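Reading through the structure tokens given below for one structure.
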Amino acid sequence: MKTSFGLLSTYPPTQCGVGAFAGSLSAALSEAAGVDAVGVVRVVDSPTFTDRPEVIAHLRAGAAGSSEVAATALDRHGVVIVNHEYDLFDGADGEGVLDVLHRLRSPMIAVLHAVPRSPSQHRRWILETVASLAGAVVVTTEPARTRLLETYQVEQAKVHVIPRGALAQPAIRTVSSSGEPLVLTWGLLRPGMGVEWAIAGMREVRHLAVRPRYVISGQTHPKVLAAEGETYRLGLYKKVRAFGVADLVRFERSYAEPQALARLVDRADVVLLPYDTTDQVASGVLHEAVAAGKPVIATPFPHARDLLGTGAGLLVPHRDAAAVGAALKRLLTDADLVAGMRAEALRRTAGTTWDAVAARYIALAASLQDASSRA
């Protein structure tokens, strides 16, 4: 039996990780054999005229009647998928999403993109309420599942781990056009990414016989740009000059669409994620890098410890430029180490292409519809 999906989320062209997730999942579901249709209710701050055809309604912050419109549009579908992260929705800590969820009549899957370790009482209440209204709760990593069940009052039987998807990788790897090893960090640029420690770490590899090029790809996060302008990026430019690595570091100020990003990641020899956070239980960038078979250097945030701990990458202490540099030197000079990491990376992420992930959502939706029909 086929079903249709309603999806509530930020959505392209909005530039954010959850929006990118929603765009990829929507595309994969639309192409799957078991799906009649996918309709997206896009979360926006203001009216938009650049929507894709699958966008059927908007949830507008602060707009009278918007929650009712959103819920009505979503309920035209067999199953609703709600992407939840606190700053996506209006109201204190995004509590406005609850007005939509209380109106839904179709079975609902809540995908939790943030599971704080020490939530405020209000944030705890919001997440637990979202989970109570859902027929199923999805997290994308085992650390997220563990934290959810240890920290929040959520029915264990509802919780499912469905990994974030990744693009299928080409059979033949392309190489950097310059012939230089390519070290890559990508994502929406913002404080906390730890890029300053990576820049400083490049000093340790500038004397290698074949010197690497470090590419930092991504626009400044729109919310950071609105609040602080380009202060963080300009500070990084200063560090590049101060550390004497201007000839090794390149900034690419663009937001790469999935296929362009896949080509960029494919050219990379090392992916570098020196995040300052000690709390992150799910990183889409990390998953995509490992699924591409790339050796990763990351700080030990929970998702990195889980995914890289069996040999798919190297963990370095937070805010430690010398450790970043030493790890880079190892990966740029030890081909056997890199080959072993690639094999482990592909093993750990097997079965996580977007079509495989979509199939798991379809199966979960079918179970919810079956339970609903028997209730």
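A few points about this structure:
- Failed criterion for residue 229 (all others in (1) open to solvent by less than 30 Å² (accessible area, probe 1.4 Å); (2) closer than 25 Å to residue 317 by Cβ hold): (2)
- The one condition from (1) surrounded by fewer than 17 Cβ atoms within 10 Å (Cβ to Cβ); (2) touching a residue at least 40 places away in the same chain (Cβ under 8 Å); (3) more than 18 Å from the chain's Cα centre (by Cα) that residue 311 does not meet is (2).
- Pick from the stretch 293-308, criterion in contact (Cβ under 8 Å) with a residue 40 or more places away in the chain and among the hydrophobic types (A, V, I, L, M, F, W, C), ranking: farthest from residue 183 (Cα to Cα): 307
- Among the residues making up the stretch 134-157, those that are open to solvent by 30 Å² or more (accessible area, probe 1.4 Å) and either within 16 Å of residue 360 (Cα to Cα) or within 17 Å of the chain's Cα centre (by Cα) (or both) are 135, 142, 145.
- Positions within the stretch 132-153 being touching a Pro at 6+ places or on another chain (Cβ under 6 Å) and assigned to a loop (DSSP other than H, G, I, E, B), in sequence order: 135, 140
- If the condition is being over 21 Å from residue 317 (Cα atoms) and within 19 Å of the chain's Cα centre (by Cα), then the stretch 190-226 contributes 217, 218, 219, 220, 221, 222, 223, 224.
- Boolean, residue 287 is in contact (Cβ under 8 Å) with a residue 60 or more places away in the chain, on the phi < 0 side of the Ramachandran plot and surrounded by fewer than 19 Cβ atoms within 10 Å (Cβ to Cβ): no
- Filtered residue count, the stretch 9-29, keeping only those that are assigned to a loop (DSSP other than H, G, I, E, B) and open to solvent by 40 Å² or more (accessible area, probe 1.4 Å): 3
- Out of 99, 90, sole residue that is part of a loop (DSSP other than H, G, I, E, B) and farther than 22 Å from residue 277 by Cα: 90
- Checked against the criterion of being in contact with a helix residue (DSSP H, G or I) (Cβ under 8 Å, 6 or more places away or on another chain), of a type in the set (Gly, Ala, Ser) and not in a helix (DSSP H, G or I), the candidates 106, 67 yield just one match: 106.
- Filter result for residue 149 (more than 13 Å from residue 82 (Cα to Cα) and among the hydrophobic types (A, V, I, L, M, F, W, C)): yes
- Matching residues in the stretch 76-91 - criterion: being open to solvent by 50 Å² or more (accessible area, probe 1.4 Å), farther than 18 Å from residue 15 by Cβ and either of a type in the set (Asp, Glu) or modelled with pLDDT of 95 or more (or both): 76, 90
- Residue pairs whose Cβ atoms lie under 7 Å apart, separated by 6 or more positions or on different chains, with the first residue in the stretch 356-375 and closer than 16 Å to residue 6 by Cβ and the second open to solvent by 50 Å² or more (accessible area, probe 1.4 Å), are 364/160.
- Residue 299 being buried (at least 21 other Cβ atoms within 10 Å of the Cβ), under 27 Å from residue 15 (Cα atoms) and under 23 Å from the mean Cα position of the chain (by Cα): yes
- Tallying residues that are more than 21 Å from the chain's Cα centre (by Cα) and open to solvent by less than 10 Å² (accessible area, probe 1.4 Å) within the stretch 332-347 yields 1.
Yes/no per residue for (1) of a type in the set (Ser, Thr, Tyr); (2) crowded, with 23+ Cβ neighbours inside 10 Å; (3) closer than 28 Å to residue 302 by Cβ:
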residue	(1), (2), (3)
50	yes, no, no
57	no, no, no
64	no, no, no
93	no, no, yes
99	no, no, no
102	no, no, no
127	no, yes, yes
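- For the stretch 30-48, a residue qualifies if it is open to solvent by less than 10 Å² (accessible area, probe 1.4 Å) and in a helix (DSSP H, G or I), but none of them does.
- When restricted to residues that are assigned to a helix (DSSP H, G or I), surrounded by fewer than 16 Cβ atoms within 10 Å (Cβ to Cβ) and not polar (S, T, N, Q), the stretch 348-373 contains 4.
The values are calculated or read from the model by the stated rules, or taken from the named source; none is laboratory data. Since the model is a prediction, treat every value here as computed from it, not as a measurement. Ideal geometry is used to build each Cβ from the backbone, glycine not excepted, and the neighbour counts take in all protein chains shown. With ligands, DNA and RNA removed, areas are computed over all heavy atoms of the protein, side chains included. Shrake-Rupley method; radii C 1.70, N 1.55, O 1.52, S 1.80 Å.
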